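There's a structure below that I have some questions on.
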Amino acid sequence: MRKHIGMSALALASVAVLAGCAGGGDTSDEASEPVDASGVELTVWVDENREPAVEAAAATFEEETGATVTLVQKNFEDIRNDFITQVPTGEGPDITIGAHDWLGALVSAGVVNTIDLGDKTGEFEQVALDAMTYDGQLYALPYSLEAIALIQNVDLVGEEAPATWDEMIQNGIDSGAERPFVINTAGQTGDGYTMYPFQTSFDAPVFVQDSSGSYTNEVGMGGASGEAFAEWLAANGEDGTGYISTTVDYAINNELFNSGEAAYTVQGPWAIGEYPDVNVAVNPVPPAGDGTAAPFVGVQGFYLSSQSENALIAQEFLVNYIATEDAQRALYEADPRIPAWSTVAEEVASDPIIAGFLASSQNGVPMPSIPEMGSVWDFWNAAQAQIIAGADPVPTWDTMVSDLEAELGG
C-alpha cells in the first residue's frame, strides 16, 4: 500500500540548501528557517501501526520544505529482508522503520548510513542510542524501547520492589502463594533472554562491550562469573529449590501468575494483558549476584539508506521532524511502546506500569545486534535448560562457552 503526500516529486534537489539550516519542525525559539527541498521525494517504509504518526510528521515536513514524502506500508516482519535485498538495486526506500537487532546485518550488507543527531542526542535515553550504535557510529534514530521486568501480585506481596533475589523469594514464601516465583524457560528449550538479568547480575554478559558501548565478538560469559551464574541456576533448578523449572513455558508461566499461584514473575509489557485477574505492580528485576540485573533492551527506530540520493534531506526529516517531542509523542500514541525520547518517557511514566518497565530498561543493556548473536541462542538456551533440569552446572556451562567460541572462530 502506497500513500503519496503532497505534490509530485521531481528527480533530485540540490543538497546545498541544507547548509547552515537547523531545519523546520523544531519548536524551540532558536529554530532556523525550514530548508527548501522543493522537488525532492523521500520514500519511507512504515508498518500499519506507526504509519499515522509518521504521516503527520511528513505532512508538516512537506508543508514547510516543499518536499514530497511517499509512505509505503509494509509488514514489519518483511522489512529487514526486503531492505537488504532492495537497497542495492536502487528500489529501496530512503528511510525505513526497523528494530535495533537488525543493525549488524544491515551494516554487514552495506545498506545503512550513519546519522548525526547533533544537539538532539541529549534528548534520548542513553540505552536507546547505545542500541543503535555499531562500531562507535550511530546508524538510526531511536524512538521506542522495551525490556522485561519483575511483575508482582500486589495483593500477595505489595508494591515495593524487592532489593535482591533472596528478598523476593522470602516475600513470596511469606505471602502463602503456592510458588514464590515463576519464570518462563520455554520448557525444555531454555530461554536465555528472560533469564538474562539474573545472569548479568553475576557479571557474565553474552558478549564483551568496548569503551564505546559497541559489542565485540568476544564471549563474555565464560570464566568464574559465568560458572557462578550456572551454579546459582542449578541451585534454583529442579534438583535444588525448584523455583526455576523446564516444565514452565510462556503459557504456563502466565497461567500460574494470573491464577495467583505465583507471587512474582519476570515478563515483558506484552504479557500484561495476560493477567486480567491480578492487581500488578512492575519493578526492575532484583539481582541474584552482586551486580545490577540488566535485562536486554529492544529498541526500534528509523534507518537511513546508504543508497539514498537525498540523504541530507532524509536526515533533515529524521532529525528535525521525527526527532521532536510532538512527533515522538504521536508515535507513542499510535503504538504504545516506551518512548526513547526522555521527556515523553517521563510523561507516559505517570502510568505506574509503564514507569516500572521504564525503570527496568534504564538498568538494561541493548540486545547485541552483531551478526554473531545469531549463533548464540541454540548453545546458550540448551545449556541453561540442561542445568535447570539437573546437569552438572560448571562443566555444562564451560562446554557451552567452548562450543560457542569454536562456532564463532574464537
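Per 20 Å bin, what percent of the C-alpha pairs of the chain does each bin hold, from zero upward?
Result, from short to long distances: 26, 51, 21, 1 percent.
Projecting each Cα onto the charge dipole of segment 72-226 (Lys/Arg +1, Asp/Glu -1 at the beta carbon, about the Cα centre), which of 201, 89, 217 comes out farthest on the positive side?
89
For 191, 392, which order do you get if you count the other beta carbons within 10 Å of each Cβ and list the fewest first?
392, 191
Where does helix 51-65 land angle-wise versus the long Cα axis of the chain, in degrees 0 to 90, nearest 10?
On a 0 to 90 degree scale, this one is about 30.
Let me ask something else. log₁₀ I(q)/I(0) of segment 270-410 at q = 0.14, 0.19 Å⁻¹, via Debye over equal Cα point scatterers, no solvent, to two decimals?
Evaluating at q = 0.14, 0.19 Å⁻¹ gives log10 I(q)/I(0) of -0.96, -1.19.
Right, here's the next one. About the Cα centre of segment 85-228, what is the dipole size in debye to 20, counting +1 per Lys and Arg Cβ and -1 per Asp and Glu Cβ, all else neutral?
360
Expressed in nm to one decimal, what extension gain is obtained for the pair residue 155 and residue 178 from 0.36 nm per residue of sequence separation less their Cα-Cα distance?
6.9 nm
Another one. Between residue 170 and residue 292, with labels modelled 7 Å along Cα→Cβ, what's the label distance in nm to one decimal, could you check?
Distance between label points: 2.5 nm.
Let me ask you something else. What is the set of long-range amide H partners of residue 203 at a cut-off below 5 Å, with H atoms built 1.01 Å from backbone N?
Close amide H contacts, sequence-distant or interchain: 291.
Going by amide H atoms built from the backbone, whose H comes under 5 Å of the H on residue 285, apart from near neighbours?
Residues meeting the criterion, in which the H sits 1.01 Å from N, are 150.
Report the net charge of residues surrounding residue 407, where surrounding means a beta-carbon distance below 11 angstrom and charges are Lys +1, Arg +1, Asp -1, Glu -1.
Local charge sum for residue 407: -4.
Per DSSP H run of n ≥ 4, the term is -39500 (n - 2.57); total these for the chain, divide by its residue number, and report the mean residue ellipticity at 222 nm rounded to 500 deg cm²/dmol.
Using -39500 (n - 2.57) per qualifying helix, the result is -10500 deg cm²/dmol.
Scan around residue 45 for amide H atoms under 5 Å from its own, H built in the peptide plane at 1.01 Å from N, and keep only partners 5 or more places away or cross-chain.
Here the answer is 72, 95, 96, 97, since their amide H atoms fall under 5 Å of that of residue 45.
Quick one: 3J(HN,Hα) in Hz for segment 303-319, Karplus 6.51/-1.76/1.60 with θ = phi - 60°, rounded, Gly and Pro as x.
My calculation for segment 303-319 gives 9, 9, 5, 5, 9, 4, 7, 10, 4, 6, 5, 4, 5, 4, 4, 5, 6 Hz in order.
Same structure again: Does segment 267-352 come out rounded, prolate or oblate by the C-alpha gyration tensor, with a ≥ b ≥ c the root eigenvalues, rounded set by a/c under 1.5 and, if not, prolate when a/b is larger than b/c and oblate if not?
prolate
Also, I was wondering about something else. Among residues other than residue 177 whose Cβ falls under 12 Å from its Cβ, what is the net charge (Lys/Arg +1, Asp/Glu -1)?
Net of charged neighbours comes to -3.
Just to verify a number: FRET efficiency for residue 209 and residue 353, C-beta to C-beta distance, R0 = 35 Å, to 0.05?
The calculated FRET efficiency here is 0.75.
A follow-up question, please. Set Lys and Arg Cβ to +1 and Asp and Glu Cβ to -1, take the dipole of the chain about its Cα centre, and tell me which of 108, 322, 175 lies farthest positive.
108
To continue, here is another question. Principal axis extents for segment 111-263, Cα atoms only, whole Å, descending order, please.
Projected onto the principal axes, the Cα atoms of segment 111-263 cover 54, 36, 28 Å.
Give the share of C-alpha pairs in each 5 angstrom bin for segment 184-295, from 0 to the last occupied bin, in whole percents, shortest bins first.
Spelled out bin by bin, segment 184-295 gives 2, 11, 18, 22, 20, 13, 8, 4, 1, 0 percent.
In addition: Multiply the residue separation of residue 56 and residue 126 by 0.36 nm, subtract the distance between their alpha-carbon atoms, and state the gained length in nm to one decimal.
Between residue 56 and residue 126, full extension yields 22.6 nm more.
Label points 7 Å out from Cα along the Cβ direction at residue 247 and residue 119: separation in nm?
6.1
Ranked by Cβ crowding within 10 angstrom, fewest neighbours first, how are 138, 71 ordered?
Fewest-to-most ranking of 138, 71: 138, 71.
At a threshold of 8 angstrom on Cα-Cα distance, excluding pairs fewer than six apart, so keeping six or more, what relative contact order does the chain reach in percent?
About 25 percent, as a whole number.
Which order do 181, 61 fall in if you start with the one that has the fewest other Cβ atoms within 10 Å?
181, 61
Here's a follow-up. Among 331, 302, 285, whose Cα projects farthest towards the positive end of the dipole of segment 265-333, with charges put on the beta-carbon of Lys, Arg (+1) and Asp, Glu (-1)?
Value: 285.
Could you order the peptides 252-262, 315-325 from most to least packed, using the average number of other C-beta atoms within 10 Å per residue?
315-325, 252-262
Taken together, the values in this text are just the output of simple stated rules run on the coordinates, not laboratory data. Predicted model only: the values in this text are computed from it and were never measured. Neighbour counts are summed over all protein chains in view; Cβ atoms, including those assigned to glycine, are modelled from backbone coordinates with ideal geometry.
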